[in-house]
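Visitor: What follows is a structure written as structure tokens; I'll ask about it next.
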């Protein structure tokens, strides 16, 4: 993991309000169905260099509180549903990377992130403004965690 400075970026897509407790249960999780809805209804301009993101924002408190999530892209060709936008906030982010089978690597990497920030030896503090997953390819992700 390393620290990078990220510029503000607008992502458009589909959103929901959820929390980590609900996401641990396939019957109550909203992110998986949101990804399927996005994939079925939105055409992303991959040939034009667009990439897919999941943006976490509007945190109620911390890892245990409610938050909003947007599954989207930085450039969309077309959509059969109404899209919303969210801005990834400018700032410092700690980047966690993984390669392998999605969604397994996403779930596994979030587990590592929660463990890292829960450690008494952690030298960073989460900002809880915006965090995001960047899908570099079908089997490679980067998860950016905003830090103070």
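The values are calculated or read from the model by the stated rules, or taken from the named source; none is laboratory data. The model shown is predicted, which means the values in this text are computed figures rather than measured ones. Reconstructed Cβ throughout: ideal geometry from the backbone, glycine too, with neighbour counts over all protein chains shown.
Visitor: Check whether at least one residue in the range 31-39 is part of a strand (DSSP E or B), closer than 20 Å to residue 142 by Cβ, in contact with a helix residue (DSSP H, G or I) (Cβ under 8 Å, 6 or more places away or on another chain) and at pLDDT 95 or above, and report yes or no.
Guide: The answer is no; no qualifying residue exists.
Visitor: Where in the range 67-125 are there strands (runs of 3 or more DSSP E), lying wholly inside it, with at least 1 residues that are under 14 Å from the mean Cα position of the chain (by Cα) and within 25 Å of residue 40 (Cα to Cα)?
Guide: Output list reads 67-73, 84-88.
Visitor: Are any residues in the range 3-20 part of a strand (DSSP E or B) and free of Cβ contacts under 8 Å to residues at least 60 places away in the same chain, and if so, which ones? Steps first, answer last, please.
Guide: Keep residues of the range 3-20 that are part of a strand (DSSP E or B), which gives 3-6, 9-18.
Listed by number, the residues that qualify are 16, 17, 18.
Visitor: Continuing with the same structure: Could you run through the range 119-140 and say how many residues are free of Cβ contacts under 8 Å to residues at least 12 places away in the same chain and either surrounded by 10 or more Cβ atoms within 10 Å (Cβ to Cβ) or more than 30 Å from residue 50 (Cβ to Cβ) (or both)?
Guide: Residues that pass the stated criteria total 5.
Visitor: I'd like to check something: does the range 4-13 contain any residue that is surrounded by 17 or more Cβ atoms within 10 Å (Cβ to Cβ) and touching a helix residue (DSSP H, G or I) at 6+ places or on another chain (Cβ under 7 Å)?
Guide: yes
Visitor: List the number of the failed condition for residue 62; all other conditions in (1) closer than 19 Å to residue 144 by Cβ; (2) modelled with pLDDT of 95 or more; (3) part of a loop (DSSP other than H, G, I, E, B) hold.
Guide: (2)
Visitor: Quick one: residue 85 ticks every box in (1) at pLDDT below 95; (2) in contact with a strand residue (DSSP E or B) (Cβ under 6 Å, 6 or more places away or on another chain); (3) farther than 22 Å from residue 140 by Cα except a single one, so which number is it?
Guide: Of everything listed in (1) at pLDDT below 95; (2) in contact with a strand residue (DSSP E or B) (Cβ under 6 Å, 6 or more places away or on another chain); (3) farther than 22 Å from residue 140 by Cα, residue 85 misses just condition (1).
Visitor: Can you tell me which of 42, 52, 12, 69 is within 15 Å of residue 129 (Cα to Cα) and modelled with pLDDT of 95 or more?
Guide: After applying the criteria, what remains is 69.
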